[in-house]
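Asks: Input: one structure, supplied below.
The values are calculated or read from the model by the stated rules, or taken from the named source; none is laboratory data. None of the values given here were measured: they were computed from a predicted structure. Glycine also receives a Cβ, built like all others from the backbone with ideal geometry; neighbour counts cover every protein chain displayed. Side chains are part of the model used for accessible areas, which takes the heavy atoms of the whole protein and leaves out ligands, DNA and RNA. Shrake-Rupley method; radii C 1.70, N 1.55, O 1.52, S 1.80 Å.
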Amino acid sequence: MKTILQKTVSMILSVILICSLLPIRADAGFEIPGSCRVETDTGDAGTVKTLDYAYDNNTYFSLRDIAMLLKDTDKSFSLDITGNSVLLNQGNVYASLGVENTLWEDSENPNIALRRNEFKVDEKTVFYYTLIMQLPSGDYDCFMMAADLAMILDVNITVPEAGILQIHTQETFDISPAALEEDGYFYGVNSVLTGDAATGEIYYQYQADMSYPIASTSKLMTCLLTMDAISAGQISLDEQVTVSDGVQALADSDDGVIPLKAGDQITVQELLVGALLPSSNECALCLAESIAGSEEAFVQMLNQKAQELGLSQTIFYNSNGLPIYTEDFVPAKLQNSMSAEDMFRLVSYLLKVYPQITDITSMEEAALESLDLEVKNTNPLLRNLPEVTGLKTGTTNKAGACLVTSLTADSGSMEHDLVVIVLGTEDSIERSRVSGLLARYALNTFEAGIESTESGGSVLHSGNLPIHAEAAVDQIIRTARKR
């Protein structure tokens, strides 16, 4: 009897445990229909349908409704929307379907997937996440974030009070990171930093002195050591490297990106392209082995270089940024870590000593001829801002979604590299948006500094001359080369 009772209790506890582990989901889906009043500085106003994705106030706005309100303004645009693509042409007159600026016909949750649909602005492909849904008429509408649309149209959008959006068509896009921080915008991000790599001036930073996992942005240091080896004559860009068994094992794993096979021959140039564009972990490992003989020896070089550059909040465990386990009885999971300040120092040094690295990182796609393979750049901002020249994405569960962005800006007498570092966002969607906002802020801050100098005002921003002679000489040489 006692045995039967024990088995019965055990079975009941097991059922309770299993039930507690099963996900509990409300009947409501992820997209919550709503509406918002949108006003323009021309006096036009109307109702715009909205969808809150997953959470309240994570709001996406109807492009058709906004296009109708901007129809007679300087920021008018036409739309051609299909089930998975959007074509937005600025300056064109919007053709009304007769369903714009009305309330939802019912409150049923549309449950549409948020994804990277094909999106073109003036025939050029850009990178934004959108929701596309079919209307009762059979036509399609697209929903996107107000901040993304503001960047596309280069207008200023404000929220004077809850439920009201104001579009200032005569004001260019503007953003204040300090105001965003005050509103809690960066609470879901590990750290951010933006500044001028040429002068060392930092425009804005948030938790930039704290070390966090950096995932595949680690490959920037791997590429720096590769460029050092090339500069020292140890290897060359066109040198053929033989793929090892260890590299093939990584390529065959779940973390593999490029199908490298043991015995394959691939050039150093192609390994750099593979590591930087599609973020190939096996290409980074192959570079490490070809330079140091083993990844263990290469890791020592990585940490030694970090010390030389004064990166005090940095540690490397491998060449690619993947998590690794120790060999302990209870293994620990380790990841390369760095502060945003250290990343800024690293990138500033890399762009100064090897500016040609952006010849690779600015490519949207490239061919690896040795493998007869086309690869694409994972950097989303390359499609959205013409000033972007790189540099590197990275994602792991612990690191979150990271992006290090470089942009070129011209003061009229010399070119500057601006840098935006975003570590630890929740996902690639938020990574793109945070990086895009800060990239626009960096460009605006740089331009404000130039305008201040030209108007005779005080020099506040990155229009300043370099802060020391070495930087001044370096900028003059680089500008002369580019021109």
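Asks: Using only helices, what value at 222 nm comes out for the chain when you add -39,500 (n - 2.57) per DSSP H run of length 4 or more and divide by the total residues, to the nearest 500 deg cm²/dmol?
Replies: One gets -10000 deg cm²/dmol as the mean residue ellipticity at 222 nm.
Asks: Sticking with this structure for a sec: Suppose accessible area is computed on protein heavy atoms with a 1.4 Å probe; arrange Leu334, Leu437 from highest to lowest.
Replies: The ranking, largest first, comes out as Leu334, Leu437.
Asks: What ranking of Met133, Met343 comes out by heavy-atom accessible area, probe 1.4 Å, highest first?
Replies: Met133, Met343
Asks: Taking the Cα centre of the range 287-391 as origin, work out the dipole magnitude from +1 charges on Lys and Arg Cβ and -1 charges on Asp and Glu Cβ, in debye rounded to 20.
Replies: Working: 6 positive and 15 negative charges, 82 e Å.
That gives the range 287-391 a dipole magnitude of about 400 debye.
Asks: Same structure again: Name the helices (complete DSSP H segments) of the chain with a Cα length along the long axis of 27 Å or more and a Kyte-Doolittle mean of at least 1.0, or state none.
Replies: 2-21
Asks: Give a quick list of GluC sites (Glu not before Pro) in the range 91-145 that DSSP marks as loop, anything other than H, G, I, E or B, with at most 11 other Cβ atoms within 10 Å.
Replies: Glu105, Glu108, Glu123
Asks: So, for the range 114-228, what is the accessible surface per residue at a probe of 1.4 Å, expressed in square angstrom?
Replies: 39
Asks: Which loop-located GluC sites (Glu not before Pro) does the range 364-431 contain, where loop means any DSSP state but H, G, I, E or B and the Cβ has at most 14 other Cβ atoms within 10 Å?
Replies: For GluC sites (Glu not before Pro) across the range 364-431 that sit outside H, G, I, E and B with at most 14 neighbouring Cβ atoms in 10 Å, the list reads Glu364, Glu369, Glu426.
Asks: In debye, nearest 20: dipole of the range 177-294 around its Cα centre with unit charges on the Cβ of K, R (+) and D, E (-)? Don't skip to the answer; put the middle values down first.
Replies: Values: 2 positive and 17 negative charges, 37 e Å.
Using only the charged Cβ atoms, the result is roughly 180 debye.
Asks: Assuming a ≥ b ≥ c are the square roots of the Cα gyration tensor eigenvalues, decide whether the range 94-226 counts as rounded (a/c under 1.5), prolate (otherwise, with a/b larger than b/c) or oblate.
Replies: prolate
Asks: I would also like to ask the following. Got a sec? What order do Asp342, Asp74 fall in by accessible area at 1.4 Å, biggest, i.e. largest, first?
Replies: Asp74, Asp342
Asks: Using a simple charge model, +1 on the beta-carbon of Lys and Arg, -1 on the beta-carbon of Asp and Glu, nothing else, what dipole does the chain show about its Cα centre, in debye to the nearest 20?
Replies: 900
Asks: Work through the residues other than Asp154 whose Cβ is under 11 Å from its Cβ and net out their charges, Lys, Arg +1 and Asp, Glu -1. If you can, show how the numbers build up before the last one.
Replies: Values: positive: Lys75, Arg440; negative: Asp74, Glu171, Asp174.
Overall, the nearby charge balance is -1.
Asks: With the other protein chains left in place, how much accessible area per residue, in square angstrom, belongs to the range 266-385 at a 1.4 angstrom probe?
Replies: Values: 4850 Å² over 120 residues.
So the range 266-385 comes to 40 Å² accessible per residue, rounded to a whole number.
Asks: Pick out, from Leu334, Ser348, Gly184, the residue whose Cα sits farthest towards the positive end of the charge dipole of the chain, with +1 on the Cβ of Lys and Arg and -1 on the Cβ of Asp and Glu.
Replies: The residue sitting most towards the positive pole is Leu334.
Asks: I'd like to know which of Gly263, Phe77, Ile112 lies farthest towards the positive end of the charge dipole of the chain, counting +1 on Cβ of Lys and Arg and -1 on Cβ of Asp and Glu.
Replies: Projecting each Cα onto the dipole axis, the largest value belongs to Gly263.
Asks: On the accessible surface of the chain, probed at 1.4 Å, how many percent belong to carbon and sulfur atoms?
Replies: The computed percentage sits at 51.
Asks: Would you work out the relative contact order for the chain, in percent, from Cα pairs under 8 angstrom that are 6 or more residues apart?
Replies: Working: 941 pairs, mean separation 61.5, N = 483.
This gives 13 percent for the chain.
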